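Visitor: This structure is in structure tokens; I'll ask about it shortly.
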Amino acid sequence: MVKIIAGSFANEIYTLEFDPSSGSLSLLSSITVGSNPTWITSHPAQPSSGTVIFAVLEKVDGEVVVVSFDKDGNGKIETRGISSQGDGPCSVIAMKDEIIVGNYTSGSVTFIPLVPDAPFLKSDSSTTNIQLSGSGPNERQLGSHAHQVILHPERQELLVPDLGADKVWRLLKGDDGKWVIRGHVAYTPGSAPRHVAFYEGMMYTIIELTSGLTAHRLPALPAAPTLTHTTPTLSNQPPLPNDMLAAEILIPTPNAAFPSPYLYISNRNDPSPEGDTIAIFTLADKEKPVLVREVRTGLKHVRGIEFGGPDNKWLVAGGVFGGGVKVFERTEGGKNLKLVAELNDVDAPTAFLWV
């Protein structure tokens, strides 16, 4: 049995249980935390009694909520009402001594001190905020929109895709321990970078408004990035503009069970009755991702997807507008996905954690 925690575009965070032996997915519990807990992340040092997560409430005057779960999956709110110091927070990560929040609507990044025990967050004068600045030619790009906060896996660098400014901001810590913008990666005007992922010195970006995938060599600062490839996330992309938008990008670390590197992208709003697709790209040539498979999910408006289980064998995905939650198994060495379990009793699922 494996537990999965799911955020949503509703008011609840859900605890699911996946039984791979029987191919079943069931709802264990739900907890009401507030409006739109769309993105969730785990505490970096979990207590022995269960699981602690941080959730952002994607709304005007955004908030961060801390929720603990016992071993049966029952949730308890530990802390609520912590301001994200911005509007529409949609991304959060937790480090050893702070959490970092990306505020989409207001285009800012907030750094909140983390403490080891309940209430886990300390919102006071030591909380800091960086306001991003930029715009693009699309009507959705009137100002900066921080869509993701993510740490580089090999060095102390924070990257922030800014959908509104057509940039991914690059931040380093200064001598005072505070994050400072030190550079950026620029994209074609109107493309709108959404999320990024990394593999062997490369950074891959899904660009939302054109449903594209870019590949950049990304050496450490102050060296500049180099664009090596751009390709659509769909095999049959309709004329632009359209409502079919890339949502999430993941690259599970290769292992003994899945030695070849693959990149996975969720695409939203496909009009097909078979639902949205998850696109699978080979990274055999890491500078030039190649689409090898599109898997129909039966889900409508897929946002977050997440790998989990032994060897990252399984992939969970959810449909905000229909289809519930589904668990897929990686097959053919990672080049394909097979549906193994599904559940409809979850309202507007957006993000997942395997616990």
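The values are calculated or read from the model by the stated rules, or taken from the named source; none is laboratory data. In this text the structure is predicted, and so the values were computed from the model without any measurement. Ideal geometry is used to build each Cβ from the backbone, glycine not excepted, and the neighbour counts take in all protein chains shown.
Visitor: Pick from Ser91, Ser123: which is among the polar types (S, T, N, Q), closer than 22 Å to Met203 by Cα and crowded, with 17+ Cβ neighbours inside 10 Å?
Guide: Ser91
Visitor: Check whether at least one residue in region 235-251 is assigned to a helix (DSSP H, G or I) and either in contact with a Cys (Cβ under 9 Å, 6 or more places away or on another chain) or crowded, with 22+ Cβ neighbours inside 10 Å (or both), and report yes or no.
Guide: No, the conditions are met nowhere in region 235-251.
Visitor: While we're here: Specify the residue that is surrounded by the fewest Cβ atoms within 10 Å (Cβ to Cβ); the eligible residues are those in region 252-270 that are without any contact (Cβ under 8 Å) to a residue 60 or more places away in the chain and within 21 Å of Thr350 (Cβ to Cβ).
Guide: Across region 252-270, the extreme among qualifying residues is Asn269.
Visitor: Also, I was wondering about something else. Could you grab me the full set of residues in region 79-111 that are over 21 Å from Ser125 (Cα atoms) and touching a strand residue (DSSP E or B) at 6+ places or on another chain (Cβ under 8 Å)?
Guide: Answer for region 79-111, where residues must be over 21 Å from Ser125 (Cα atoms) and touching a strand residue (DSSP E or B) at 6+ places or on another chain (Cβ under 8 Å): Gly88, Cys90, Ser91, Tyr104.
Visitor: Which one is modelled with the lowest pLDDT among residues in region 99-115 that are surrounded by fewer than 21 Cβ atoms within 10 Å (Cβ to Cβ) and assigned to a loop (DSSP other than H, G, I, E, B)?
Guide: My answer is Val115.
Visitor: Here are Leu158, Leu163: which of them is at negative phi and in contact with a helix residue (DSSP H, G or I) (Cβ under 7 Å, 6 or more places away or on another chain)?
Guide: Result: Leu163 is the single residue among Leu158, Leu163 that is at negative phi and in contact with a helix residue (DSSP H, G or I) (Cβ under 7 Å, 6 or more places away or on another chain).
Visitor: Counting only residues that are more than 27 Å from Glu306 (Cβ to Cβ) and surrounded by fewer than 16 Cβ atoms within 10 Å (Cβ to Cβ), how many does region 189-216 have?
Guide: 1
Visitor: Return only the number of the condition from (1) touching an Asp or Glu at 6+ places or on another chain (Cβ under 9 Å); (2) over 20 Å from Arg303 (Cα atoms); (3) in contact (Cβ under 8 Å) with a residue 40 or more places away in the chain; (4) in a strand (DSSP E or B) that Phe69 does not satisfy.
Guide: Result: Phe69 passes all but (1).
Visitor: All but one of (1) touching a residue at least 24 places away in the same chain (Cβ under 8 Å); (2) part of a strand (DSSP E or B); (3) over 22 Å from Tyr14 (Cβ atoms) hold for Thr79; which doesn't?
Guide: Failing condition for Thr79: (3).
Visitor: Further, regarding this structure: Would you mention how many residues in region 128-143 are among the aliphatic types (A, V, I, L, M) and either part of a loop (DSSP other than H, G, I, E, B) or under 9 Å from Leu163 (Cα atoms) (or both)? Even if it seems obvious, please write down each step before you answer.
Guide: Restricting attention to region 128-143, the residues satisfying the condition of being among the aliphatic types (A, V, I, L, M) are 130, 132, 142.
Pick out the ones that are also either part of a loop (DSSP other than H, G, I, E, B) or under 9 Å from Leu163 (Cα atoms) (or both) and you get 132, 142.
Of the residues in region 128-143, 2 are among the aliphatic types (A, V, I, L, M) and either part of a loop (DSSP other than H, G, I, E, B) or under 9 Å from Leu163 (Cα atoms) (or both).
Table: residues versus (1) over 19 Å from the mean Cα position of the chain (by Cα); (2) aromatic (Phe, Trp, Tyr); (3) under 20 Å from Pro273 (Cα atoms).
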site: Asp311; (1), (2), (3): yes, no, no
site: Ala317; (1), (2), (3): no, no, yes
site: Val320; (1), (2), (3): no, no, yes
site: Val325; (1), (2), (3): no, no, yes
site: Thr331; (1), (2), (3): yes, no, no
site: Glu342; (1), (2), (3): yes, no, yes
site: Ala348; (1), (2), (3): no, no, yes
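Visitor: For region 1-59, which residues satisfy the criterion of being free of Cβ contacts under 8 Å to residues at least 12 places away in the same chain and either under 18 Å from the mean Cα position of the chain (by Cα) or under 30 Å from Ser108 (Cβ atoms) (or both)?
Guide: Within region 1-59, Gln46 is the sole residue that qualifies.
Visitor: If you scan region 202-227, which residues turn out to be touching a residue at least 24 places away in the same chain (Cβ under 8 Å) and part of a loop (DSSP other than H, G, I, E, B)? Walk me through how you get there before you give the answer.
Guide: Initially, region 202-227 is screened for residues touching a residue at least 24 places away in the same chain (Cβ under 8 Å), giving 202-218, 220-222, 224-225.
Hits for region 202-227 are Ser211, Leu218, Ala220, Leu221, Pro222, Ala224, Pro225.
Visitor: Turning to a different aspect of this structure: Kindly provide the set of residues from region 131-165 that are of a type in the set (Val, Ile, Thr) and either surrounded by fewer than 21 Cβ atoms within 10 Å (Cβ to Cβ) or free of Cβ contacts under 8 Å to residues at least 40 places away in the same chain (or both), ordered by number.
Guide: Matches in region 131-165: Ile150 only.
Visitor: Let me ask something additional. Only one of (1) modelled with pLDDT under 95; (2) farther than 30 Å from Gly177 by Cβ is not met by Lys96, so which one is it?
Guide: (2)
Visitor: Considering only residues of region 297-312 that are charged (D, E, K, R) and touching a strand residue (DSSP E or B) at 6+ places or on another chain (Cβ under 6 Å), which is nearest to Asn255 (Cα to Cα)? Break it down into steps so the answer makes sense when it comes.
Guide: Residues of region 297-312 that are charged (D, E, K, R), as a first pass: 300, 303, 306, 311.
Narrowing the set further to residues that are touching a strand residue (DSSP E or B) at 6+ places or on another chain (Cβ under 6 Å) leaves 300, 303, 306.
Numbers: Lys300: 31, Arg303: 26, Glu306: 17 Å.
Only one residue fits best here, namely Glu306.
Visitor: Quick check, is Gly86 closer than 28 Å to Ser135 by Cα and over 18 Å from the mean Cα position of the chain (by Cα)?
Guide: Answer is yes for this residue.
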